[in-house]
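Below: one structure, written as structure tokens.
No value in this document is a laboratory result; all are computed from the given coordinates. None of these values were measured; they are calculated from a predicted model.
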Amino acid sequence: MRFFWMFFWAFALSEMLTYVVSSMNGNEFHFQTGLILSVCFAVLVFLITLVIPNEPAENH
């Protein structure tokens, strides 16, 4: 379920970013660009969660 929500938010935020940036540049909005960006963002976030340790630090 966490993968679904991670992709959902990556999709929503990247589509919003793609729309705003394309509007500010005066270009057409392309749905596929946001979709590709959301997949890349979701994979990147998933990989980051694999790298970060889950245990608490012993000494700060």
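For the chain, the longest principal axis of the alpha carbon atoms and the long axis of helix 31-51 meet at an angle near 10°. Counting every pair of alpha carbons in the chain, the share spaced more than 20 Å apart comes to 41 percent. Helix 2-25 and the longest principal axis of the C-alpha atoms of the chain enclose an angle of approximately 40°.
By the helix-only formula, in which each DSSP H run with n ≥ 4 contributes -39500 (n - 2.57) and the sum is divided by residues, the chain has a 222 nm mean residue ellipticity of -26000 deg cm²/dmol.
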